[in-house]
Structures are given as structure tokens and as C-alpha cells.
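The values are calculated or read from the model by the stated rules, or taken from the named source; none is laboratory data. Quick caveat, the model's predicted, so the values are computed rather than measured. FYI the Cβ positions are ideal-geometry reconstructions off the backbone, even for glycines, and counts take in every protein chain you see. Side chains included, ligands, DNA and RNA excluded: accessible areas come from the protein's heavy atoms. Shrake-Rupley method; radii C 1.70, N 1.55, O 1.52, S 1.80 Å.
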Amino acid sequence: MASIRRSSLALALLLAAATAVAQPTRVRGKITDVQGDMFTVDQKTHVHVGDKTEIVYTQPIALADIKPGDFLGVTSNKAADGSLTAYEVRRFPKPLSPGHRPFDGRDDQTMTNATVGATVQSAKGRELTLTYDGGAQKILVPENASISMLVPGKRDHLVRGAPVNLTMDGSGMALRVQVSAP
């Protein structure tokens, strides 16, 4: 009986370890070195690029290019009064994980993936109203916010100094790389 329990426990631990290895890892930072099919992020994380790696580029656009009905991903700072101020606005070609949630596990930052209901000029500046199933958010967009849309990227975009947001597997192979101009 004890032998069966030990075997079951060993099997459970082995499955848990295999599952943990299989989970993609998210990495954010700047490219500090590029060598062929490999690049380094923040001088510590080595990432390989393969034939199946998806590369997307953040093409800058103007806030005026964003219209009601567009789907956005907006990263915001949350003030003590609950108001949201965007620091990054991305237009997506299709809806992706709609909703409003904390960003990177922080209470003072949020991610809102939603459809534009309205864009207005308010007394405080430019403001977006974003709607999603079960809610809506009003987000102030200051002049210094990064505004872009995602377009297909190329390996040529992976250069020193370029900011990246990527997922990679346990072997260090990039699954998806979102890259911006340095």
C-alpha cells in the first residue's frame, strides 16, 4: 500500500514538473544582443527564433486613426481615485481576450482589451470609452502615450535596443515576439 502511494506521488510530481516546463514564459525588456537566430533580452535571457516564431511589429499611429468599433488593448496607470491614464494603446486587427484586469499582478496598473465606444476631447484631454461584456472603462490618453497597431513583423525588426514582449517555451524558443522600434 505504501509502495502504491509512493508511486502515485512520484507520478503526480513528474506530471506537475512536465506541466510546469510546458507552460510558456513571458519576457519583457530590451534586446541587448543579436547573433544569428538568437537574441538576448536585458543581458540575461537568451531567446531563439525559429521558422514557427510569430513576429509582430508595433507600427506607430495617431489617436485620430482610432475610431468607434476598433478593438484596443490599453495599458493604464490607475490613480488612487480609480481614474485610468493610458501609457500604451494598441489597435488589434481582431478581438483578443476582452475584459479589464490588473496588469502584471499590480493593483496600480490595468489592461483593458475592449471595443472603442467613443473618443472625446474632455477638459482633462483626450478620452476613450472602451466597452466589453460586463463593463466599460473611461481612459484618459495623454499626449506622451504610445499609440500603435500590430502589423506582421520581420526578423529585421529584432535589433539592439528594440523593446520586446514575448512568450517562449522551456527550451528558449520564441513562440511569439512583439517588437517595437528602438
> Any idea which of Met149, Met173 is within 25 Å of Pro24 (Cα to Cα) and more than 15 Å from the chain's Cα centre (by Cα)?
Replying inline: Met173
> Under 7 Å by Cβ, and 6 or more places apart or on different chains, what pairs join a residue from segment 106-118 that is under 11 Å from Leu130 (Cβ atoms) with one that is of a type in the set (Val, Ile, Thr) and open to solvent by 40 Å² or more (accessible area, probe 1.4 Å)?
Replying inline: Ala114/Thr131; Thr115/Thr131; Gly117/Thr131
> If you take just the strands (runs of 3 or more DSSP E) that sit entirely in segment 91-181, which of them hold at least 3 residues that are within 30 Å of Gln43 (Cα to Cα), among the hydrophobic types (A, V, I, L, M, F, W, C) and open to solvent by less than 40 Å² (accessible area, probe 1.4 Å)?
Replying inline: 146-152, 163-168, 174-179
> Out of Gly82, Gly99, which single residue is within 23 Å of Thr167 (Cα to Cα) and among the small types (Gly, Ala, Ser)?
Replying inline: Gly99
>> Step by step: first the residues of segment 77-90, then only those that are of a type outside the set (Ser, Thr, Tyr), open to solvent by 30 Å² or more (accessible area, probe 1.4 Å) and in a strand (DSSP E or B), then the one that is modelled with the lowest pLDDT. Which residue is that?
In response: Glu88
